[in-house]
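Quick notes on the structure that follows.
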Amino acid sequence: MARTARRRHGIFLLASTILILLFISYQDRLPGAQHRRHGAHPDHPAPAFNWVTRNETYPVASYLPIPKQQRRRFPMVQHNFGWFTGRAQVARQQAIKEAFQRCWQAYKEHAWLKDELRPTSGTSKDHFAGWAATLVDSLDTLWIMGLKTEFEEAVQAVVTIDFSVTKSGDSISLFETTIRYLGGLLGSYDLSGDSRLLVKAVELGHTLYGAFDTPNRMPRTYFDVNAVTDGAMFSKQVADYNTVTADVGSLTLEFTRLSQLTGDLKWHDAVARIMTAFAAQREKLFED
């Protein structure tokens, strides 16, 4: 019996070792595995301002948790084209890809690390904080189209962006910055698994969280990022009296996803308070 027990133990150890090796091999084949495996990324330049250590004027006592619900399978929303496949579809996909590549090359040549390319004059302009909006917004498209060389080049450029301050000194739109920059970073991270993108998403997330440092924790829709250098000015920050619903109501996806990925509840808490305020106003829409 002792011999049988030792034999079973040996078989168990062998099987466990094989499973572990197979798991490691599978992980190495996943997108972005090299960055996850080493737990490192190229050195990120230190931001000009550390939003993590800034003392808030109106801090939150405790964070609202992310609701825990069982995963549900939803039906597909994509249309099934049926017979509409094959050569025609491939040709059209290739035409779209080539059009994107021409535009991307023009951006690289005339507006690299700028927000937008002026296609007629071949110059550039910055009106989204000067954080290379086109570049960040294109990351997921580069990955989906299989342009991995261009994707890597773009990620290396993103690493150099300082999301703690703006170049122009103007206030930033919380809505535009969230959907273009934070959404672009999180979406491309979820697709590629490249941890460098999550690092930059967290950096930007800390900056955007400053917009919620108001007496009622409702955010400033236009946020003066550079005002943090003036404590007296920043301490006077209050939420807007009126705002477009979408400006504050469409932040939930990106902020909650950032909390899910990092385990830091502060971003989900920030947008959950907005949803609570919306819910409280619902009945007033139909008052007599």
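When you count the other C-beta atoms within 10 angstrom of each residue and take the mean per peptide, 160-172, 117-129 line up highest first as 160-172, 117-129. Principal semi-axes of the equivalent ellipsoid, √(5λ) from the alpha carbon gyration tensor of region 104-174, are 21, 16, 10 Å from largest down.
For region 212-221, putting each phi into the Karplus relation 6.51 cos²θ - 1.76 cosθ + 1.60 with θ = phi - 60° gives couplings of 8, 7, 10, x, 9, 6, 7, x, 6, 6 Hz, in residue order, rounded to whole numbers and with x for Gly and Pro.
Local charge sum around MET218 (other residues, Cβ-Cβ under 9 Å, Lys/Arg +1, Asp/Glu -1)?
+2
With contacts taken as Cα pairs under 8 Å and at least 6 residues apart, region 130-288 reaches a relative contact order of 22 percent. Spin-label pair ASP190-GLU152: with each label point 7 Å from Cα along the Cα-Cβ axis, the two points sit 2.6 nm from one another.
A cut-off of 5 Å between modelled amide H atoms, ignoring neighbours fewer than 5 places along the same chain, links SER124 with ARG118. Among 255-263, 133-141, 204-212, sorting by the average number of other beta carbon atoms lying within 10 angstrom of each residue, highest first, gives 204-212, 133-141, 255-263. Spin-label model, ASN80/GLU56: points 7 Å from Cα along the beta carbon direction are separated by 4.8 nm. Judged by the gyration tensor of its Cα atoms, with axes a ≥ b ≥ c, region 71-206 is oblate; a/c meets the 1.5 cut and b/c is at least as large as a/b. One chain, two ends: ASP170 and TYR241. Fully extended at 0.36 nm per residue, the span grows by 23.5 nm beyond their Cα-Cα distance.
Where a number appears in this text, it was derived from the coordinates with a stated rule and is not lab data. Fair warning: this is a prediction, and the values are worked out from it, not measured in the lab. Quick reminder, even Gly has a Cβ in these numbers, built from the backbone with ideal geometry, and neighbours come from all protein chains shown.
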